[in-house]
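What follows is a short report on a single structure.
The values are calculated or read from the model by the stated rules, or taken from the named source; none is laboratory data. Every value quoted in this text rests on a predicted model; they were computed, and no experiment measured them. Positions of Cβ are backbone-derived with ideal geometry, glycine not excepted, and every protein chain shown enters the neighbour counts. The area values use the complete protein model at the heavy-atom level, side chains included, leaving out ligands, DNA and RNA. Shrake-Rupley method; radii C 1.70, N 1.55, O 1.52, S 1.80 Å.
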Amino acid sequence: MTFSEPVDDVESRKKENYIIDPPVDIVMATLDANLKVIWLTTAAHEARAYTITVNNVKDRAFNANIIGPPNNQLNYTYTPPDTIPPELVSVQLQTHMSLSIVFDEPVSRETAENIGHYTITPNINVNNAYLRASLTEIRLETDSHQSGINYTIRIDGITDRAPIPNELKQPIEVIYTYKNALSNARIKLYKLQ
């Protein structure tokens with residue numbers, strides 16, 4: 001919690017001055033070095049909205065004043081951290097020299113546009129990778145595919161945009177065949193074990 005002015009270090013560190021509803025145990029209250037921020041260490045939260053009630057926290061004046069009215073309340077919502085890596089939704093040939101790769105959630109530009117995260121065999125170079133505005137689609141520019149040949153694209157190292165990024169659990173391989181007309185392209189997904 002951030003206060004508008006520096007607070008007393010004794011009262012601000014008393015966990016009894018804070019109540020969370022629905023109930024969550026408060027283990028300890030710590031005053032930050034700037035004297036305006038209180039860090040509460042608590043038991044685990046569930047994903048939901050909470051109200052915290054603050055009492056008896058005082059400013060640092062010579063004749064200390066209690067900050068805010070009694071039972072001063074603040075609402076907040078806890079959202080658990082994302083720990084699930086992105087999943088491949090589709091791989092589609094756009095032309096004989098480009099592929100579209102779609103994930104189920106936004107991915108990081110740094111990993112999506114790193115051409116080292118894509119390998120196409122036999123003998124197709126990935127020349128460029130662009131993350132589209134949706135942040136879920138990646139466009140690959142490649143060497144020319146030959147009609148009737150089975151190709152395998154291997155995708156590895158892609159992460160989502162979570163504060164602590166989640167990387168693909170394992171490389172993904174997709175087998176596809178380019179036939180002169182895109183409507184004849186066959187895509188099959190195979191995940192490595």
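A few points about this structure:
- Residues satisfying the stated conditions in the range 93-127, i.e. touching a Leu at 6+ places or on another chain (Cβ under 7 Å) and under 20 Å from Tyr176 (Cβ atoms): Leu93, Ser98, Leu99, Ile101, Phe103, Ala112, Tyr118, Val126
- Residue selected from the range 170-193 under the condition in a strand (DSSP E or B) and at pLDDT 85 or above, by the criterion nearest to the chain's Cα centre (by Cα): Ile172
- Hits in the range 145-156 - residues which are within 11 Å of Thr119 (Cβ to Cβ) and either of a type outside the set (A, V, I, L, M, F, W, C) or in contact with a helix residue (DSSP H, G or I) (Cβ under 8 Å, 6 or more places away or on another chain) (or both): Tyr151, Thr152, Arg154, Ile155, Asp156
- Restricting Leu31, Leu74 to residues that are of a type in the set (A, V, I, L, M, F, W, C) and surrounded by 15 or more Cβ atoms within 10 Å (Cβ to Cβ) narrows the list to Leu31.
- Any hit, the range 89-98, residues being without any contact (Cβ under 8 Å) to a residue 60 or more places away in the chain and open to solvent by less than 70 Å² (accessible area, probe 1.4 Å): yes
- Neighbours by Cβ (under 6 Å, 6+ apart or cross-chain): first from the range 53-73, closer than 9 Å to Glu11 by Cβ and small (Gly, Ala, Ser); second at pLDDT 90 or above and open to solvent by 60 Å² or more (accessible area, probe 1.4 Å): Ala64/Lys58
- Residues of the range 18-35 classified as closer than 20 Å to Asn75 by Cβ and not acidic (Asp, Glu), total: 8
- Restricting the range 143-169 to residues that are part of a loop (DSSP other than H, G, I, E, B) and among the basic types (Lys, Arg), the residue that is least open to solvent (accessible area, probe 1.4 Å): Arg161
- Residue match in the range 114-137 (condition: of a type in the set (D, E, K, R), more than 15 Å from Ile175 (Cα to Cα) and open to solvent by less than 50 Å² (accessible area, probe 1.4 Å)): yes
- Hey, Asp82 at pLDDT below 95 and surrounded by 11 or more Cβ atoms within 10 Å (Cβ to Cβ) or not: yes
- Within the range 34-48, restricting attention to residues that are open to solvent by 60 Å² or more (accessible area, probe 1.4 Å) and among the aliphatic types (A, V, I, L, M), the residue that is nearest to Val10 (Cα to Cα) is Ala44.
- Candidate set: the range 49-71, residues that are of a type in the set (Gly, Ala, Ser) and surrounded by 13 or more Cβ atoms within 10 Å (Cβ to Cβ); chosen: the one farthest from Lys169 (Cα to Cα): Ala64
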